[in-house]
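The structure appears below as structure tokens.
The values are calculated or read from the model by the stated rules, or taken from the named source; none is laboratory data. All values reported here derive from a predicted model rather than from experimental measurement. Note: ideal-geometry Cβ built from the backbone for every residue, glycine included; neighbour counts use all protein chains shown. Remember, those area values only see protein heavy atoms, side chains included, never the ligands or the DNA or RNA. Shrake-Rupley method; radii C 1.70, N 1.55, O 1.52, S 1.80 Å.
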Amino acid sequence: MAELGKLDYSAEVSYAPVGAPEETVKQIDNAVLTRLKDSTRAEMDCQVCYAIFLDPITTACGHTFCRTCIQRVLDHSDLCPICRRRLSIQPQAASDRVPSNERLVKIINGLWADQVALRAHAYRIEQQANYNGFDIPLFICTLSFPHMPTFLHVFEPRYRLMIRRAMEGSRTFGMVLHTPSSNPGEPEFAEIGTLLRIINIEYFADGRSLLETRGISRFRVTRHGEQDGYVVANIKRIDDISLAEEEAVEAYETARYAARNLASRTDTAGPDPGDPERPASARSPPAPISLDDLDAMSTRDLVDFAVDFVTRMRTRSVSWLLPRIIAIYGECPSDPVLFPWWFASLLPVKEDEKYRLMSTTSVRRRMKICCRWIIEWEASRWLVS
Ligand SMILES: [Zn+2]
Ligand SMILES: [Zn+2]
């Protein structure tokens, strides 16, 4: 009637809204949005981890991956996992150099905030998982010592991953000596190692890196397993005995030696232990004649003897005491706590000899090992010349 113009203006008409009620409209809108989300959601999955993108970055070839996923890809190859084109991304894919795909971040945060939060949470758990329930990851390579620097060239994919994780966390990892084993079941590394802290890291364009580390403490591996190709371990810290115990050992050993010498005393006198009345700096360090004599010497005398040896060797310009070596390891320390580690870092003796220091729990014991090396070194020099 209204269309025909026959509806009288004053006619009593009530209008009712056509179509569905407001509630139903909302339901339809939600259904459309859900369908839209469902159809695009699959596009927001990383093709490496098959989970929703976490900090997505897009490659020059147009493919998108989680930053952590592309980092792991780059450990092994520089090709895109989808199209195999060369990736022109710097190997560590750091966020300051390779920006995130901001548009994508906004979309996934807007549409799937809950899933993104879950994914980020899972990643954090993964990072904090404490290496699958183990204490530290192990770098199986060389012998490192506490207080001393160790330089490492990292090129194996598994160690690239390990070092990156260490850099994201505590910056520490364990170093253990590689010990090839013929038995397939046996671990291929030494039982005792050194916890290292990363001081500096330099990346090369191809993903390799150069690490500068410093030894923190020694540990014994109590249990080990594997994670993503590298070894992880539970460790027990190796500490030295207390200073009081240290002094007791020193007193016991020197007294025992003196008593034994007195019992077997003949006309020939034992080695001169130095005049205790004169200050230590004024007397020359007593030189031990045999390994047995080391017991008679105070720890201070052992250090003086060893430092004197280093001084004499330096005047001869031996290759292991060249200025460039000293520049790396520092000047010869006169502190008995530091000396053995410094000495072992420089002196060219076999690794299994140096490894003897690792299980020791007293400064005096380590100083005696160093002095034994000196005695043997001088004896062999004597024979050679
Ligand atoms: Zn991923
Ligand atoms: Zn690609």
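Open to solvent by 60 Å² or more (accessible area, probe 1.4 Å) and not assigned by TED's automatic domain parsing to the domain that holds Val232, is that true of Leu104?
Details: open to solvent by 60 Å² or more (accessible area, probe 1.4 Å): no; not assigned by TED's automatic domain parsing to the domain that holds Val232: yes.
It is false that Leu104 is open to solvent by 60 Å² or more (accessible area, probe 1.4 Å) and not assigned by TED's automatic domain parsing to the domain that holds Val232.
Would you mind finding the one in Thr311, Thr299 that is under 24 Å from Trp373 (Cβ atoms), touching an Asp or Glu at 6+ places or on another chain (Cβ under 6 Å) and modelled with pLDDT of 90 or more?
Details: Thr311 fails: touching an Asp or Glu at 6+ places or on another chain (Cβ under 6 Å).
That would be Thr299, the only listed residue that is under 24 Å from Trp373 (Cβ atoms), touching an Asp or Glu at 6+ places or on another chain (Cβ under 6 Å) and modelled with pLDDT of 90 or more.
Scan Ala117, Ala93 and give me the residue that is small (Gly, Ala, Ser) and away from ligand 2 (no atom under 16 Å from the Cβ).
Ala117
Could you check the stretch 18-47 and list, in sequence order, the residues that are without any contact (Cβ under 8 Å) to a residue 24 or more places away in the chain, part of a helix (DSSP H, G or I) and among the aliphatic types (A, V, I, L, M)?
The first filter runs over the stretch 18-47 and keeps only residues without any contact (Cβ under 8 Å) to a residue 24 or more places away in the chain, leaving 18-36, 38-39, 42-43, 45-46.
Next, from what is left, pick out any that are part of a helix (DSSP H, G or I): 22-36, 38-39, 42-43.
Correct list: Val25, Ile28, Ala31, Val32, Leu33, Leu36, Ala42.
List every residue pair whose Cβ atoms sit under 6 Å apart, with the two residues 6 or more apart in sequence or on different chains, where the first one lies in the stretch 77-90 and is within 16 Å of ligand 1 (Cβ to nearest atom) and the second, anywhere, is among the acidic types (Asp, Glu).
Pairs found: Leu87/Asp78.
If you take the residues in the stretch 50-79 that are more than 26 Å from the chain's Cα centre (by Cα) and open to solvent by 40 Å² or more (accessible area, probe 1.4 Å), which one is nearest to ligand 2 (Cβ to nearest atom)? Explain how you work it out, then say what you get.
Going through the stretch 50-79, the residues more than 26 Å from the chain's Cα centre (by Cα) turn out to be 50-53, 56-65, 79.
Imposing the further condition that a residue be open to solvent by 40 Å² or more (accessible area, probe 1.4 Å) reduces the set to 50, 58, 60, 62-63, 79.
Numbers: Tyr50: 17, Thr58: 9, Ala60: 8, Gly62: 6, His63: 4, Leu79: 8 Å.
It comes out as His63.
Listed here are the residues, each with its yes/no results for (1) touching a Pro at 6+ places or on another chain (Cβ under 9 Å); (2) surrounded by fewer than 17 Cβ atoms within 10 Å (Cβ to Cβ).
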{"residue": "Pro180", "(1), (2)": "no, yes"}
{"residue": "Glu186", "(1), (2)": "no, yes"}
{"residue": "Ala190", "(1), (2)": "no, no"}
{"residue": "Ile201", "(1), (2)": "no, no"}
{"residue": "Glu212", "(1), (2)": "yes, yes"}
{"residue": "Glu226", "(1), (2)": "no, yes"}
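Would you check if Arg41 is buried (at least 16 other Cβ atoms within 10 Å of the Cβ) and either basic (Lys, Arg) or more than 16 Å from ligand 1 (Cβ to nearest atom) (or both)?
On the way: buried (at least 16 other Cβ atoms within 10 Å of the Cβ): no; either basic (Lys, Arg) or more than 16 Å from ligand 1 (Cβ to nearest atom) (or both): yes.
For Arg41, the condition - buried (at least 16 other Cβ atoms within 10 Å of the Cβ) and either basic (Lys, Arg) or more than 16 Å from ligand 1 (Cβ to nearest atom) (or both) - is not met.
Of the residues that sit in the stretch 341-352 and are at pLDDT below 95 and in a helix (DSSP H, G or I), which one is most open to solvent (accessible area, probe 1.4 Å)?
Taking the candidates together, the pick is Asp352.
Ile82 passes all but one of (1) among the hydrophobic types (A, V, I, L, M, F, W, C); (2) surrounded by 18 or more Cβ atoms within 10 Å (Cβ to Cβ); (3) over 30 Å from Lys236 (Cβ atoms); which number fails?
(2)
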